[in-house]
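The values are calculated or read from the model by the stated rules, or taken from the named source; none is laboratory data. Quick caveat, the model's predicted, so the values are computed rather than measured. Counting neighbours? That spans all protein chains shown, and the Cβs are built from the backbone with ideal geometry, glycine included.
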Amino acid sequence: MVASTPPNYPVGSEPEPNNRTIFKRLEEETNVHVDWKTIQSDQWGDKISLEMSNVNTLPDMVFNAGFGDTELLKYAKQGVIIPVEDLIDTYMPNLQHVFEQAPEYRGMCTDEDGHIWALPWIEQLGYEKTAIQTVGNMSFINKDWLDFLGLAMPTTVDEFEAVLKAFKDNAAKLKSQFGIDGDVIPMSCILNDGGS
């Protein structure tokens, strides 16, 4: 078991991460149960600062805290967090492979002393100029929709665009098949999520 602080959750939504599908899948895949300590989104800023200020009660990890470089370097200087580059190199072959394939990602995560203070979120579909990549936020695609329409998982930007058009062009079929109440929106995004 691991005590942890997960990402904040909106008021009125499910506060227990272990009741959410993605966390159930993560536990099943890793065989690691996490005892989460949750923080409501409208209280996140104040409460996470308090959590990080007491070295005697620190969580084992903070999941998707959204700390900026300034906060990470401050916590590193205080000894509140540890560098993770050795853990990546030793225990994370998939992330290590991404860093080898695209060294700029490692550079984006590394401070001037060669330390990495937080695990990045990197989602890749394809590579180089044909890549569908997200760093920081995760992209999702509805595989049930792909299967229903007989489409393959896209691996290039052109294929991704074709899939989105197919979702749009077959909206009525998707609504009927999956009992969707409302519009079928092929893609959405968050602009300046927590940023300025």
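So that you can scan it fast, the table gives a plain yes or no per residue for (1) polar (S, T, N, Q); (2) part of a loop (DSSP other than H, G, I, E, B):
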{"residue": "Ile22", "(1), (2)": "no, no"}
{"residue": "Leu26", "(1), (2)": "no, no"}
{"residue": "Glu29", "(1), (2)": "no, no"}
{"residue": "Val32", "(1), (2)": "no, yes"}
{"residue": "Trp44", "(1), (2)": "no, no"}
{"residue": "Ser49", "(1), (2)": "yes, no"}
{"residue": "Leu58", "(1), (2)": "no, yes"}
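Under 9 Å between Cβ atoms, at least 6 apart or on separate chains: pull out the pairs that start in region 140-154 with a residue that is closer than 14 Å to Lys168 by Cβ and end on any residue that is of a type in the set (Lys, Arg) and assigned to a helix (DSSP H, G or I).
Partner pairs satisfying both residue conditions: Leu149/Lys173.
When you go through (1) outside any helix (DSSP H, G or I); (2) on the phi < 0 side of the Ramachandran plot; (3) modelled with pLDDT of 90 or more one by one for Gly114, which number turns out not to apply?
The failed condition is (2).
Restricting the search to region 37-96, which residues are touching a residue at least 40 places away in the same chain (Cβ under 8 Å) and among the hydroxyl-bearing types (Ser, Thr, Tyr)?
Tyr75
Would you please name the residue that is farthest from the chain's Cα centre (by Cα), looking only at residues in region 35-54 that are surrounded by fewer than 15 Cβ atoms within 10 Å (Cβ to Cβ) and of a type in the set (Asp, Glu)?
Asp46
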